[in-house]
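Nothing in this text is a laboratory measurement; each read-out follows from the coordinates by a stated rule. From a predicted model like this one, the values you see are computed outputs, not experimental measurements. All Cβ positions, even for glycine, are placed from backbone atoms using ideal geometry, and neighbour counts span all protein chains on display.
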Amino acid sequence: MLVQAVRNQLVAGMMRGESFYKTLGIDPAIAPDTRVYVVNTLMQLTPALAGLLSALTVLLNLAVFWRLSGKQQRVGYTLFGDLARWSAPEWLIWPLLVSGFGWFIPLPPLATAALNCFICVLGVYLCQGLAIMAFYFKQLGMPPVARGLIYFVTMAQPVLTALVGAAGVFDLWVDFRRLKSPNATARNLGNFL
């Protein structure tokens, strides 16, 4: 069965990692119950991770094969316009909120499905947070090498990744890039931000 094969590969990978650390002279000292918890959590998150990896693969294929090969003219519009101005649709906040509250469902299969949906939607908002970063990098005229380094550190450091994802979520209300035109109600109440 596929699930059992994936579980066996995860356990084997953790064992190889522990043996590698032992050859380096580092004692990993992972308790067996911690190992079981990590494997079970990764098994629960496998659908979300597979979905995010699939979406990333599709985006890379579109970027490389359509944009760079010149097939973009056949489509009639630019596939990757100004990415610094991209934002997620406003209605996407509702699946994020519903799936976030779905963690509290007492049925484990539904809570796991809600967690996977939550992570997939957060992936979209992480992209919006990266678009906010790109917008300000463009405004500041930052060199590409520095941009790449900051993107790498952001993706490698989980706390920064979470902050960028949170900025993507809160961009719906705060509008960090000032892309939305102020409406009449905002003018009446005063534009605080």
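Pairs of Cα atoms under 8 Å, at least six residues apart: use those to get the relative contact order of the chain, whole percent. Kindly include the intermediate steps, with their values, before the conclusion.
Numbers: 116 pairs, mean separation 35.0, N = 193.
Once divided by the residue count of the chain, the mean separation gives 18 percent.
How much FRET efficiency would the formula 1/(1 + (r/R0)^6) give for Leu24 and Ala55, where r is the Cβ-Cβ distance and R0 is 35 Å, rounded to 0.05? Before the final figure, lay out each step's value.
Details: r = 35 Å, r/R0 = 1.01.
About 0.50, to the nearest 0.05.
Report the calculated FRET efficiency for Leu2 and Leu107 (r = Cβ-Cβ distance, R0 = 22 Å), to the nearest 0.05. If you can, show how the numbers build up before the last one.
Numbers: r = 23 Å, r/R0 = 1.06.
Once rounded, the FRET efficiency stands at 0.40.
Can you give the FRET efficiency for Val38 and Val174, using 1/(1 + (r/R0)^6), R0 = 35 Å, r = Cβ-Cβ distance, to the nearest 0.05? Walk me through the intermediate numbers first.
Values: r = 35 Å, r/R0 = 1.01.
Efficiency for this residue pair is about 0.50.
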